[in-house]
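J.: First the structure, then my questions, so here it is.
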């Protein structure tokens, strides 16, 4: 076993060799490891690798199949043959949030659905983006005074792109996705300000899951 | 398309009237109703294509059973069951719409329900499809149907406390001012934990660029509110 | 043939576990695990409310017997009907009971309509059953015209019938696509959306909107036909029969589709009437009830069309029924185009109408069934009570009735054959 650079008192960087023994089995924190995670200036200066990574992410955003109401039909219309977002890489509408990048909230969000939708969003791994499609998700839309509609999905989750319309034309949604591509490439999404501190959803009385 | 041509006069004659039946056919239904159900009818009224009468809530099940099972009536289909609130000091009404092959007019049965004790016998024994109608009437209006095996809320969450379609449940000009605002913590910003958005790893801009969230709307003396879109 | 005697057969894992547990509990001196069957399970399982059951039926559904399990087909699921939650009690793969939980899209439209003028109400009802918007507007328009005591001009009635039948065609086409999609067939939905896009571009030429058209007014329709609409209509009409037949042949004779829909979700006519199912679902069970024939409205008394029924009442029959209805609708559109009169398209009514106090009920045949509106007027500018009866809401009660005994994978297929749209279900 030959420890190479030890840095400033951190755990030894071990080149796996024959007979490394149980040095490899010692637990170490990925955050602390010099070879893991970004540190210092590396965070701030986007390198070529970051740029390529962002380009890859932008051109292969996988939406979550979560259409709530009428906008879902226009989202499906955007996804099918005439206005095709498969050409932008968004063909697979994933059923599971664990595999999705972008949550297109298409349709009216009601107070009963808000819980499941936030849970879906929390289950999505980072980086993730949210597109609020339609006026119902932007601001409550035509249901502004309703007793059971959440007045805009940004009341419950951070939103990156708002696409107005009732419902927005497929061309409008595609324009929104182009804006999202810009955000992705410039790393201006809201996800970067989010820290997962574990399950901390508000639970209220009679919360039915 | 020759076979679909009709004479112009017939088309004109048919098109202008909204009346469905000649008065004789509707009269047959009215006559049958007065014969069979005269004890229960409070108020009989006919329109061009509807015959309507009012009954007491307690008699609803018996009247509807007669209407469905009697051969003269044969109202086999329940088209609609609705609840109406006539005001904060008035009664409720449960309105059933029925259809029969023998009587081309719609039949409207209005069952009057007391507001203080809104109970009605269930008709799920006659039509299983009335289950969702009755659940909706309970959820939105608070009318209880005796004998219904599944009378729980259908649209709102089970812990919801109001009955939205009542006339004393008022939708305000601004949803934020309604009594229902803030029942759900998702609509109360003070319950949100925004600290989780403040620090994050992998952030590509300097921490000095992060701003505090805007403070709550407190108006200091001598200053005016920025948003004058509604009085606060 | 070798026989396997009882001692050497491979025991069921459940039995192994149970035997092991009994042995361990006996060794530890504890009693057996379950003394009572079907006791109400607590909160520690998915989908069960953490409060005592409120009703008998709830207790029935959420009490688990031996080997039963609750599976939550949650508000977000790959099937495309919208946000509906089904709590399914399964034993292995076989469904024992279903409890639909609705309300995830309840927007309070009826209450909002009580604070809106009659013309605004016609915009509020659009997003209810968002795949059949024209029908959603047709029923209130008729009801308000009854209250106000007017009749729309003849040309308006014909245009109404035309757009209503166009809406029916693309709605049924979408049902065919969704039915195949819920079974995993990804191609027919693309064809269904191509169909829809053609028709919807046509309707956007006449009403300005692709989806929530806002086309009907009290007293007529908003716009007259224009050149673009007629040109698109002609092009579409020349191609539609071939398109429908192509789409149909893709699925109808497909082995997998037939195996998964024939005999599934069978509903007899009597059951369907009792459950309140209407529309193509009812006609597929053999009952020839069509609102356009039973209680004619608009110009349907003058138009010639057949009320088609199927005998079997299963999913395949519901699918065939919709294909037949598409063809009937095309026939109706031909007649409408043939004899559309000239004239105004909107009666002269003021912007805010104040009908005399009264009550009106109007029912139309929507692609999902009997869609009706009951409206009470108190003489003011807003309706006093505006009630919509949505067909998908009531048809959904058929699902817990036909599904027990079938496999879990058939749930969405049978549900798709009933074609519910959650906007209408939840209002």
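No value in this document is a laboratory result; all are computed from the given coordinates. Keep in mind that what you see is a predicted model, and the values were worked out from it rather than measured. Reconstructed Cβ throughout: ideal geometry from the backbone, glycine too, with neighbour counts over all protein chains shown.
J.: Angle check, please: helix C:409-418 long axis (alpha carbons) against the longest principal axis of chain C (alpha carbons), in degrees 0 to 90, nearest 10.
T.: The answer is roughly 20 degrees.
J.: Of C:291, C:101, C:345, which is the most mobile in a GNM of chain C whose springs link Cα atoms less than 10 angstrom apart?
T.: The residue that fluctuates most here is C:101.
J.: Label residue B:117 and residue B:43 with points 7 Å out from Cα along Cα→Cβ: what is the distance between them in nm?
T.: In this crude label model, residue B:117 to residue B:43 measures out at 2.2 nm.
J.: Now for a separate question. What does the helix-only formula give at 222 nm for chain C: each DSSP H stretch with n ≥ 4 adding -39500 (n - 2.57), the total divided by the residues, and the result rounded to the nearest 500 deg cm²/dmol?
T.: Estimated from H runs of four or more residues: -14000 deg cm²/dmol.
J.: Once R0 is set to 35 Å, what does the formula 1/(1 + (r/R0)^6) return for the Cβ-Cβ distance between residue C:91 and residue B:58, expressed as a FRET efficiency to the nearest 0.05?
T.: Working: r = 43 Å, r/R0 = 1.22.
Computed FRET efficiency for residue C:91 and residue B:58: 0.25.
J.: Across peptide C:203-212, what mean number of C-beta atoms from other chains lies inside 10 Å of a residue's C-beta?
T.: Across C:203-212, the average partner-chain Cβ count within 10 Å equals 3.
J.: For residue C:338 and residue C:250, calculate 0.36 nm times their separation in residues minus their Cα-Cα distance, and state this gained length in nm to one decimal.
T.: Using 0.36 nm per residue and subtracting the Cα-Cα distance, I get 28.5 nm.
J.: Show me A:51-63, C:329-341 ranked by packing, highest mean number of other Cβ atoms within 10 Å first.
T.: C:329-341, A:51-63
J.: With the cut-off at 1.5 for a/c, could you classify region C:176-245 from its C-alpha gyration tensor as rounded, prolate or oblate? Display every interim value, and only then the final one.
T.: Working: a/c = 3.20, a/b = 1.73, b/c = 1.84.
Taking the square roots of the gyration eigenvalues as a ≥ b ≥ c, region C:176-245 is oblate.
J.: Let me ask something additional. Go ahead and run the numbers for FRET between residue C:242 and residue C:26, Cβ-Cβ distance against an R0 of 60 Å, rounding to 0.05.
T.: On the way: r = 73 Å, r/R0 = 1.21.
Once the sixth-power term is evaluated, E becomes 0.25.
J.: Additional query: In what sequence do C:148, C:371 fall when counting other Cβ within 10 Å, fewest first?
T.: C:148, C:371
J.: A further question on this structure: Does region C:288-341 come out rounded, prolate or oblate, given a ≥ b ≥ c as the square roots of the eigenvalues of its C-alpha gyration tensor, rounded meaning a/c under 1.5 and, failing that, prolate meaning a/b above b/c?
T.: Here region C:288-341 falls in the oblate category.
J.: Here's something else I'd like to know. Decide, for chain C, between rounded, prolate and oblate: order the square roots of the alpha carbon gyration tensor eigenvalues as a ≥ b ≥ c, take rounded if a/c falls under 1.5, and otherwise choose prolate if a/b is larger than b/c, else oblate.
T.: Details: a/c = 2.87, a/b = 1.80, b/c = 1.60.
In terms of gyration-tensor shape, prolate.
J.: How many Cβ atoms of partner chains, on average, are near each residue of A:86-97 if near means within 10 Å of its Cβ?
T.: The per-residue average across the peptide is 1.
J.: If I take R0 = 30 Å and measure r between the Cβ atoms of residue C:120 and residue B:86 in this structure, what FRET efficiency does the formula 1/(1 + (r/R0)^6) give, to the nearest 0.05? Show your work: numbers first, answer last.
T.: Details: r = 23 Å, r/R0 = 0.77.
Step by step, r from the Cβ atoms, then E = 0.85.
J.: Also, quick follow-up: Roughly what would the spin-label model give for residue C:270 and residue B:28, points 7 Å off Cα along C-beta, in nm?
T.: So the label points at residue C:270 and residue B:28 sit 2.6 nm apart.
J.: Can I ask one more? Share of antiparallel DSSP beta bridges in region B:2-165, in percent to the nearest 5?
T.: Just about 65 percent of them are antiparallel.
J.: Then there's this: So for the pair residue C:230, residue C:259, with labels modelled 7 Å out along Cα→Cβ, what separation do we get in nm?
T.: Each label point is offset 7 Å from its Cα along the Cβ direction, giving 5.2 nm.
J.: Helix C:133-148 versus the longest principal axis of chain C: what is the Cα-based angle in degrees, 0 to 90, to the nearest 10?
T.: 60
J.: Here's another thing I want to ask about it. Relative to the longest principal axis of the C-alpha atoms of chain C, give the angle of the C-alpha long axis of helix C:13-28, reported between 0 and 90° and rounded to the nearest 10°.
T.: Value to nearest ten degrees: 50.
J.: Another one. Please identify, among C:369, C:265, C:208, the residue showing maximal mean-square fluctuation in a Gaussian network model of chain C using a 10 angstrom Cα cutoff.
T.: Comparing C:369, C:265, C:208 in a Gaussian network model of chain C, the most mobile one is C:208.
J.: If you take each beta carbon of peptide B:70-81 and count the beta carbons of other chains within 10 angstrom, what is the mean?
T.: Details: counts 0, 0, 0, 0, 0, 0, 5, 9, 5, 11, 11, 5.
Average neighbour count from other chains, rounded to a whole number: 4.
J.: Now for a separate question. How many angstrom lie between the Cα centre of region C:394-427 and the Cα centre of region B:60-117?
T.: After rounding, the separation between the Cα centres reads 27 Å.
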